[in-house]
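**Q** Below you will find the structure I want to go over with you.
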Amino acid sequence: MNRTVERHRNILDFALSSLLRRKGKNLSLWVVYTIVVFLIAAIVFYTHALKREAALVLQGAPDMVVQKMVAGRQDLVPVAYAGKIAALRGVSSVRPRCWGYYFDPISGANYTLVASESPSPAPGAVDIGSGVARVLRVGRGDLLPIRSSSGAPMLLTVRKVLPCVSELVAADLIVMSEGDLRDLFRIPRDLATDLAVTVANSDELATLAVKISQRFPDSRPILKSEILRTYDSIFDWRGGMMVVVLAVAVLSFVIFAWDKATGLSAEERKEIGILKSVGWETGDVLLLKFWEGAVISLSAFLCGVVLAYFQVFFLSASLFEPALKGWAVLYPRFRLVPEVDPYQLVVLFFLTVVPYTIATIVPSWRAATVDPDAAMRS
Amino acid sequence: MIELLRVTKSFHPGKSNQFTALQDVSLTVEPARVTALKGPSGSGKTTLLTLIGCMARPTSGRILLRGAGIRGIPAGAGNGEVEITGLPERFLTGIRRETFGFIFQHFNLVKGITVLENVMLPAYPTGERCGAVSQRAMELLALFNVARHAASRVDRLSGGEAQRVAIARSLINRPSIIVADEPTAHLDTRLSREFMQIVRSLKAEGKTILVASHDPIVYDSPFVDSVVEMRDGRILGGGATP
Amino acid sequence: MILHPAVLALIVASALTGFMVLYACWYGARILLQWEIRSGSERQLGLERRTYLISTLLCFAFAVQILSLFLYVYTADRLHGLFSGAMCAAGTLNVNRYGYPVLVLKAVTFLLAGVWLIVNHADTRGYDYPLIRIKYALLLLIAPLVLTDGILEYRYFAGLRADVITSCCGSLFSRDRAGVAGDLAALPSGPMEWLFFAGMIATAACGIRFNRTGSGGYLFSVVGTLAFFIAVASLISFICLYYYDLPTHHCPFCILQKEYGSIGYALYATLFGGGVAGMGTGALMPFRNRGTMAAVIPPLQRRLVVATLVFYLLFTLMVCCRMLLSPLRLG
């Protein structure tokens, strides 16, 4: 047992020293390796973080939202529906909600305007998300000009800037009183944007949704779980697409690694010949090559992952933002909550280290089967 | 003792470039003696050494090692005799590592690593503790008067020093047989004589030594017990003792 | 098809393993046909060198296979959110008809691959390659399984559609459901507990006897293998219940989740480790007196027996601890 461990240690030692002796060759391989790991890791981390953000966004969302459809498009829903839905067995409450999007031509960004009931800002006052504050350069007590649907400008006072758990949730929010919002968008009193429905027993959600769509054929109930699932699969799909695109990168890297491993220099071939002639066995040389590969793989993997982590969580993934986020050019700067779990690392390992290792088996074996008497015949 | 019975070695058999390096060679090498293989280059000396040294397998014939004390392979016929002819590479390597020490014509030191590491190289795969090996290596380097170079790279050594490092390396696994192929080819007369002195001291320790050389300093040396002359892959005169 | 990065990783992994195993098989078949240990010909020398390549390839292939077994279950567990009705891996695997066969195939190839590596290890210790034909015949047996596994795995993932309504562990592993899963769950917990401990104790007794006297190797292996299957059945029948503190939740996958401290991985790792070592002991039995193997196999078998007992002991300890600590008491 001890001997086996010592043998590994000795050979690992020698592997390290021979890697250092061939710095040039190994460094180029290592750099390419690190870049590949970095790219894929960044995508995996980023998708995962976005999914988490989406889950956070939806955390406070109601179990079910009921919209009204007119000619296949969403329309304002009559507040009268709320009472009828509330009367259904199993529904614990129904709340009409007023909200909308506002495009600000000056900053070129879209904001989400929400009417809040409790604790509602007084008429004429608003709470704004940190993103809005940053883009419009307004703070507490400043005036926020908004153009209403009638074309008349409305001046609103900023009551506070909202603290944020997750930037994605609150960055683009402008919270105002219901009256202001109705005035702004000219929404009649008897209509609302949609209805938020809460249900006593979540197992009955699906049944209730069916009931509602039967009772109000022009309505569309949307379940929170459905939204969550859609987000999940959209993000996974986007991440997967990017990985497929990057598969080309992995493939070319693998070919590069194969080439590096196959193209033994005369010096290296001679060295392996010497090792074999002084009593190294084919298995020992294979072990040497294995350790060399393992050292390169693990260090490149570690380095790539750490770089990706910084890029995603501290530099806001500026490289992939357009491809992966894709829902708006809303957030000039937003930070994801850092989170990595071992599962992602295993996936990354499978996508990078495994192909590399397999690509180097055959070349290593070729190198290891140099004739032991080759050294005698040089 | 090493015994070769009608050993033939051909390269590329059955092809147009077939080449027979050794033909029907029978030879007995006595233990604790110095045996010199003499002959021009291309006479099959090196091939013979590679076969004896378990680096290659003969095409036909048998090679027996006696009293070598090889682990993992049951000895036949009660006298500790092992036939190495049909053994797979893995076991040949094992025997080679434990039983033989090699000194090569070009010294074959690995460039870019230190003298000490070079000497320790054959012991790495045995799984012996690193500390023990490096202590033994230092003792050997001291014995051959090159201990002061232990930490320097082999590229900086002179021919004679490289030779002595190579000898130290061949002894690291405490082999019972030393095989040397043209050891004096790159040495001047003084260093060649010095080498023969080392050979003498190794012989005094009870090691079996097998040297292939066409240098008279080697085969005419008084420390050589028997000279085997070779030509065209055959032995002339069959192991005559001077 | 769901383009989750993990799904891609699994497909890539099984494509690569399949490729490696095929490559190994090609040369394995040549070795079976052309092997002549007595010959010093270059062809023989070439084949001998190939054996290094094949061993290395298969070591890697099987290592990847083992990792991908866990990754597969874990991925299934992760994807459950995409399917209505799925609450853990059980539901996701049930989305189409390939999910469970792939899992079973992966487990079977894991066990066989482990046995193969043990036989290979013994074979390389003998200078006359005594097991070489058996080894490569076994490889030709495993290869189709690995390939089928890869193909089915692809079809499973290709057939995954979000929104499929599936039935999850609650209904799948409930007592009154027909089918294997239901049958396993319906095994009465009281007698199963007895059977489980009896199996473990019998394995230990046989193992100790074998290591003391050198006889009863087959018995040990058979008992050890039986104990493995009993333990799998017990896991569904009663062990899980203690981990969940629920008298009716029989799911063998939920224990892999974080809520239960991912203890499932430790349970499965020790169980499969013990199973492989136990089966390997038996696989070596027929050759223990063959030529050079007489000096190699007995010590190896002794170590395997120790490994089996240690793995099973750890497994049993984990189970016992939980049974004692859990507030749940089964009748």
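Nothing in this text is a laboratory measurement; each read-out follows from the coordinates by a stated rule. Since we're looking at a predicted model, the values are computed, not measured. FYI the Cβ positions are ideal-geometry reconstructions off the backbone, even for glycines, and counts take in every protein chain you see.
**Q** What does the C-alpha gyration tensor say about the overall shape of segment A:62-122? Classify as rounded when a/c is under 1.5, otherwise prolate if a/b is larger than b/c, or oblate.
**A** Cα axes put segment A:62-122 in the oblate bin.
**Q** At what distance in nm do the modelled label points of B:S26 and A:V306 sit from each other, each positioned 7 Å from its Cα along Cα→Cβ?
**A** A separation of 6.9 nm, rounded to one decimal place.
**Q** Then there is this: Within a Cβ distance under 12 Å of B:R231, other residues only, what is the Lys/Arg minus Asp/Glu net charge?
**A** Summing Lys and Arg as +1 and Asp and Glu as -1 gives +1.
**Q** Considering every residue in A:14-23, what mean count of other chain Cβ atoms within 10 Å of its Cβ is obtained?
**A** Average neighbour count from other chains, rounded to a whole number: 2.
**Q** Counting DSSP beta bridges in the protein assembly as shown, what percent are antiparallel, to the nearest 5?
**A** Of the beta bridges lying entirely in the protein assembly as shown, close to 65 percent run antiparallel.
**Q** Let me ask something else. Could you work out how far helix C:189-213 tilts from the main Cα principal axis of chain C, as a 0 to 90 degree angle to the nearest 10?
**A** Helix C:189-213 sits at roughly 20 degrees to that axis.
**Q** Taking Cα atoms of segment C:173-331, Rg/Rh with Kirkwood Rh, to two decimals?
**A** 1.05
**Q** If you filter segment B:174-239 for GluC sites (Glu not before Pro), then keep DSSP loop positions with at most 11 other Cβ within 10 Å, what is left?
**A** Of the GluC sites (Glu not before Pro), the ones in loops of segment B:174-239 whose Cβ has at most 11 other Cβ atoms within 10 Å are B:E205.
**Q** Would any residue of segment B:97-121 have its amide N under 18 Å from a label point 7 Å out along Cα→Cβ of B:R174? List them or say none.
**A** B:97-102, B:120-121
**Q** Would you please give the FRET efficiency between A:T4 and A:L251, computed as 1/(1 + (r/R0)^6) with r the Cβ-Cβ distance and R0 = 51 Å, to the nearest 0.05?
**A** 0.90
**Q** How much net charge surrounds B:I172 when only other residues with a Cβ under 14 Å from its Cβ are counted (Lys, Arg +1; Asp, Glu -1)?
**A** Overall, the nearby charge balance is +4.
**Q** Quick check on the exposure proxy: order C:S262, B:S213, B:S226, B:S201 from fewest to most C-beta atoms within 10 angstrom.
**A** Result, fewest neighbours first: B:S201, C:S262, B:S226, B:S213.
**Q** Can you bin every Cα-Cα distance in chain C into 20 Å intervals starting at zero and give me the percent of pairs per bin, rounded to whole numbers?
**A** 29, 54, 17, 1
**Q** Would you work out if segment A:99-186 is rounded, prolate or oblate? Take a ≥ b ≥ c from the square roots of the eigenvalues of the alpha-carbon gyration tensor; rounded if a/c is under 1.5, else prolate when a/b is larger than b/c, oblate otherwise.
**A** Rounded, because the longest to shortest axis ratio a/c is under 1.5.
**Q** Here is a follow-up. What are the extents of the Cα atoms of the protein assembly as shown along their three principal axes, in Å, largest first?
**A** Principal axes ranked by extent give 125, 68, 52 Å for the Cα atoms.
**Q** Could you line up C:C25, C:C254 from fewest to most neighbouring Cβ atoms inside 10 Å?
**A** Ascending number of Cβ neighbours within 10 Å: C:C25, C:C254.
**Q** Something else about it: What are the equivalent ellipsoid semi-axes of segment A:136-220, built from the alpha-carbon gyration tensor (square roots of five times its eigenvalues), in whole angstrom, biggest first?
**A** Working from the Cα gyration tensor, I get semi-axes of 34, 20, 9 Å.
**Q** Work out from phi, with θ = phi - 60° and the Karplus expression 6.51 cos²θ - 1.76 cosθ + 1.60, the ³J(HN,Hα) of each residue of segment C:277-292, listed in order in whole Hz, and give x for Gly and Pro.
**A** Those phi angles translate into 4, x, 5, x, 4, x, 5, 7, 3, x, 9, 5, 10, 7, x, 5 Hz.
**Q** Given only helices, namely DSSP H runs of n ≥ 4 each adding -39500 (n - 2.57), what is the per-residue ellipticity at 222 nm of chain A, to the nearest 500 deg cm²/dmol?
**A** Calculated mean residue ellipticity at 222 nm is -18500 deg cm²/dmol.
**Q** Follow-up. Semi-axes of the equivalent ellipsoid of chain A: what are they in whole Å, largest first, if each equals the square root of 5 times a C-alpha gyration tensor eigenvalue?
**A** Over the Cα atoms of chain A, the semi-axes work out to 62, 23, 16 Å.
**Q** Under 29 Å between alpha carbons, and skipping anything fewer than 8 positions from B:K203 in its own chain: which lysines qualify?
**A** Filter leaves A:K276, B:K38, B:K45.
**Q** Take the alpha-carbon positions of segment B:2-236, form their convex hull, and give its projected area averaged over all directions (one quarter of the hull surface) in nm².
**A** Across all orientations, segment B:2-236 yields a mean hull projection of 13.3 nm².
**Q** Partner chain Cβ atoms within 10 Å, averaged over the residues of A:352-362 - can you pull that number for me?
**A** Partner-chain Cβ atoms within 10 Å, mean over residues of A:352-362: 4.
**Q** Let me ask something else. If I model a spin label at B:S201 and B:R148 as a point 7 Å from the Cα along the Cα→Cβ vector, what separation in nanometres do I get?
**A** For B:S201 paired with B:R148, the spin-label model returns 1.7 nm.
**Q** Seen from all sides and averaged, what is the projected area of the convex hull of the Cα atoms in segment C:1-152, in nm²?
**A** Result: a mean projected hull area of 9.1 nm².
**Q** State log₁₀ I(q)/I(0) for segment A:27-157 at q = 0.09, 0.15 Å⁻¹ as given by the Debye formula over alpha-carbon point scatterers of equal weight, solvent excluded.
**A** -0.49, -1.02
**Q** Which whole number gives the average, over all residues in C:48-56, of C-beta atoms from other chains lying within 10 Å of the residue C-beta?
**A** Average neighbour count from other chains, rounded to a whole number: 6.
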